[in-house]
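Read through the structure below, which is laid out as structure tokens, and then see the notes.
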Amino acid sequence: MARRITLSLLLLLSALPAWAASSWQSLPPQSQALLAPYAQEWSSMPAHRRDRLAKLAEQYPTMPPEQQARLRARLSEWAQLTPEQRARARDNYRKWQSLPPAERQRLAQARHAASATASAPAAHRRGH
């Protein structure tokens, strides 16, 4: 019985994902480079956030270049936010997720239309 428990524990421990990083030093160098904006706060970050970021860093090499660039930009932007701004962003995300899918789609289309109008040249927007 004890052997079976030991074997089960060994299998369980070996199945733990590589991204279950508890310390900054346990991250591979490539992950540390990508997550560098978070180095100072890593030890005080909740474990579930560390794990999520570490998993993203692990998946990073398999992403297409444009997705890698978008991830690097977003990680950098997020790291520069104050704790209050991050809390507000998380709250807004929770609100967004709680909306019915049809309402999210309507709002996303309206935002896309507004950003397309804002990025059009001024002469084009005036009808010239």
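Throughout, read-outs are computed from the coordinates displayed, never taken from laboratory work. If you're wondering where the values come from, they're calculated on a predicted model, not measured in any experiment. Here the Cβ is made from the backbone with ideal geometry for all residues, glycine too, and neighbour counts use every protein chain on show.
Here is how the numbers come out for the structure above:
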read-out	value
Residue-span extension gain [Ala33 to Thr62] - 0.36 nm each, minus C-alpha spacing	8.8 nm
Environment charge at Arg104 (Cβ cut-off 15 Å; Lys +1, Arg +1, Asp -1, Glu -1)	+3
Square roots of five times the Cα gyration tensor eigenvalues for segment 18-80, Å	18, 13, 9
Protection proxy ranking, peptides 27-38, 70-81, average beta carbon neighbours within 10 Å, highest first	27-38, 70-81
Radius 12 Å from Cβ of Arg88, net charge of other residues (Lys, Arg +1; Asp, Glu -1)	+2
Residue-span extension gain [Trp96 to Ala108] - 0.36 nm each, minus C-alpha spacing	3.3 nm
